[in-house]
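Everything on this sheet refers to the single structure shown next.
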Amino acid sequence: MEKGKIIHSVAGTYIVLLDNGTRINCRPRGRLRLMEESPLTGDNVYITRNQDEGIIEEILPRKNSIIRPPIANIDQVAAVIAPKPAPNFALFDRILITGEQLQIDVIIVINKYDLEKEDEIIKYYQETPYKIIKTSAKTGFGLPSLSKELKDKETVHSGQSGVGKSSIINALLPNINLVTQEISEKRGFGRHTTKTVSLLELPKGGLLADTPGFNRLDLSEIRSEDLQWLYPEMDPFIGLCKFRNCLHSKEPDCAVKKAVDSGKINENRYESYINILEEIIEHEKRLYQW
Ligand code: GDP
Ligand code: ZN
């Protein structure tokens, strides 16, 4: 059997990229079709060959998977932000939180660097441990550094509309035109069918999903006492508060709030934490009928 990875799936057929670099059209073995989990883009699989076609014999255990877009084994999220349109930090923080929840690497890509208005964004995130890559899809600035970060990893990109996500992909892969692809997809399928997703093979190595993800954070899955762990710059201060179960909100003698006061945690990021914490607490109250 040969090992490979599903890089595209449509209507029960799959394109598998073998470890030796060749691609082969595959169908799943009948018994796999009977099982509840059908193959997903990103799945690592074992295949056998039947002339020009391959047969997926086995799906290897997934390290993670998401529903929108349907994709498995994500290593990293590239969260894209830009000075224009005006950054929606609340939304962006939710992308980062989703990355933390999935325990994948998070990189922040500040695009439209040619506009020279990125200071506010850098300030907001400079106390976080995330790698920040500055790019311009327009001038090509920073694209080699981004390529380096994407090498050997399976990455999903994310970010609000208009920040330049498709432009970056088009710049990394001059032979594909994402906009065209989106249009034909919209024509071909109804609005409610599951969108397909492809993993694009980057010239410098690595796989990048052609469809953005992580635009919906389900707060009902996060407990109020766990949220603090999803803001990694808080890590060094957790456990140093007066109260063991401190949520760093209104409690006295709070090490996190002191860190905010002394500039070790950005106050806007702290505010974002408090906003999401309050939302979670509201949800918990409804759930347990306090
Ligand atoms: P998406 O919605 O995130 O996929 O964003 P698009 O790639 O469609 O880009 C939105 C707009 O921003 C388009 O008009 C692009 O030409 C423009 N744009 C993308 N990247 C850059 C950049 O690096 N610099 C500048 N100045 N404009 C950019
Ligand atoms: Zn505290």
Going through K63/K138; K84/K285; K131/K165; K3/K134; K63/K264 one by one, the pairs whose alpha carbons sit over 26 Å apart turn out to be K63/K138; K84/K285; K3/K134; K63/K264
Computed for the chain: size of charge dipole around the Cα centre, +1 on C-beta of each Lys and Arg, -1 on C-beta of each Asp and Glu, debye to nearest 20, value 600 debye
Helix-only [θ] at 222 nm, the chain, -39500 (n - 2.57) per DSSP H run of 4+, per residue, nearest 500, equals -8500 deg cm²/dmol
At a temperature of 37 °C and a viscosity of 0.692 mPa s, determine how fast the chain diffuses translationally according to Stokes-Einstein, using the Kirkwood radius over alpha-carbon pairs as Rh; express D in µm²/s, rounded to the nearest whole number. 157 µm²/s
Suppose the chain between K138 and L91 were pulled fully straight at 0.36 nm per residue; how much longer would it get relative to their current alpha carbon spacing? 14.5 nm
Give the residue from Y270, S38, C246 lying farthest towards the positive end of the charge dipole for the chain; charges sit on Cβ (+1 for Lys and Arg, -1 for Asp and Glu) and the dipole is referred to the Cα centre. S38
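Determine, for C246, C241, the number of other Cβ atoms within 10 Å of each Cβ, and report the residues in order from fewest to most.
Going from sparsest to densest Cβ surroundings: C241, C246.
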Using unit Cβ charges (K, R positive; D, E negative) and no other charged atoms, how large, in debye to the nearest 20, is the dipole of region 65-210 about its Cα centre? 420 debye
Report the full-extension gain for the segment D114 to N175: residue separation times 0.36 nm, less the Cα-Cα distance, to one decimal in nm. 19.6 nm
For region 241-290, which trypsin sites (Lys or Arg not before Pro) pass both filters: DSSP loop (anything but H, G, I, E, B) and at most 10 other C-beta atoms within 10 Å? K242, R244, K250
Give, as a single signed number, the net charge of other residues whose beta carbon lies under 12 Å from the beta carbon of Y270, with Lys and Arg counted +1 and Asp and Glu -1. -2
What percent do you get for the relative contact order of the chain when only Cα pairs under 8 Å and 6+ apart count? 15 percent
Sorting S145, I280, M234 by the position of each Cα along the dipole of the chain (Lys, Arg +1; Asp, Glu -1; all at Cβ), the one nearest the positive end of that ordering is S145
Under 20 °C and 1.002 mPa s, how fast does region 65-210 diffuse according to Stokes-Einstein, given a Kirkwood radius computed over C-alpha pairs? Answer in µm²/s, whole number. 136 µm²/s
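Every number in this text was worked out from the coordinates using simple rules, so none of it is lab data. Owing to the predicted nature of the structure, the values given are computational and were not obtained by experimental measurement. Positions of Cβ are backbone-derived with ideal geometry, glycine not excepted, and every protein chain shown enters the neighbour counts.
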